[in-house]
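Here is the structure we will look at.
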Amino acid sequence: MTVANPDQDVNEPVELIIVRHGRPGNPRESQNPADPPLGDLGHRQARRVAEHLKAEGADRVHSSSLLRAAETAATIARELDVRLTFDPDLAEFDRDATEYLFFEDLIANKDPRYDAYLREDLSPWGTDVTSFRSRVARAFDRLLRECRPGERVVVVCHGGVLNAYLGGVLGIAEFMFHDPEYTSISRVLVDHGRSRRLVSINESGHLRRQQNHENSH
């Protein structure tokens, strides 16, 4: 846990450490098929990213309220011994869907919803790219208004949220411009004038180390 410094430079940027949630379990085995919790692999991924971030420390963890993100965030918050807060506007574009869908299943089943997704048509999930981007931007803006200079915040969210926010940072028009891995890390520095700078995207070395460890046993 990092400790606030009363003499902190007011020009010191806020660091956002943005983490995608761990892999969910089978939605058909969930009490709520639209909001599945983490599976066994997802829990291992959450523990690994939490251990990785413990060496850096943070001031708090801020998360989407969907279970797959909330459980990932809770694991990180426990490991870092910091408070955990939630914002439902950090939820994925599928938050109002009646079922959770893995994209590999959509592809395998030749589901027309995947073709819609490739066209940046989110109507099968009850929204559109412009509305979703605006919701995500509002969520990050609210968070940043609460942050003091130099604060380090872990934000746990989703692949679509990462693309919406980082695309705005980079000025990329394409909606889904990268495919973040489960519990990968991206970092953004935000100065007091709200100027944003991308430091890293889709860090996943901690996951490679986990796989190497599991393969050696």
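The values are calculated or read from the model by the stated rules, or taken from the named source; none is laboratory data. Quick caveat, the model's predicted, so the values are computed rather than measured. Cβ: placed from backbone, ideal geometry, glycine included. Neighbour counts: every protein chain shown. These accessible areas exclude ligands, DNA and RNA; they are computed on the full protein's heavy atoms, side chains included. Shrake-Rupley method; radii C 1.70, N 1.55, O 1.52, S 1.80 Å.
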When every protein chain stays in place and a 1.4 Å probe is rolled, His178, His158 sorted by accessible area with the largest first are His178, His158
Quick check for you: with a 1.4 Å probe and neighbouring chains kept, what is the accessible area per residue of the chain, in Å²? 49 Å²
On the accessible surface of the range 109-217, probed at 1.4 Å with all protein chains in place, carbon and sulfur together account for a percent value of 47 percent
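In the chain, what percentage of the DSSP-assigned beta bridges are antiparallel, given to the nearest 5? Don't jump to the answer; show the numbers that get you there.
Values: 12 of 26 bridges.
The antiparallel proportion sits near 45 percent.
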In a Gaussian network model over the chain where Cα atoms closer than 10 Å are linked, find which of Gly25, Gly39, Gly126 has the largest mean-square fluctuation. Gly126
GluC sites (Glu not before Pro) within the range 1-90, DSSP loop, no more than 14 other Cβ atoms inside 10 Å: Glu56
Taking the alpha-carbon centre of each part, the distance from the range 35-110 to the range 168-207 in Å is 16 Å
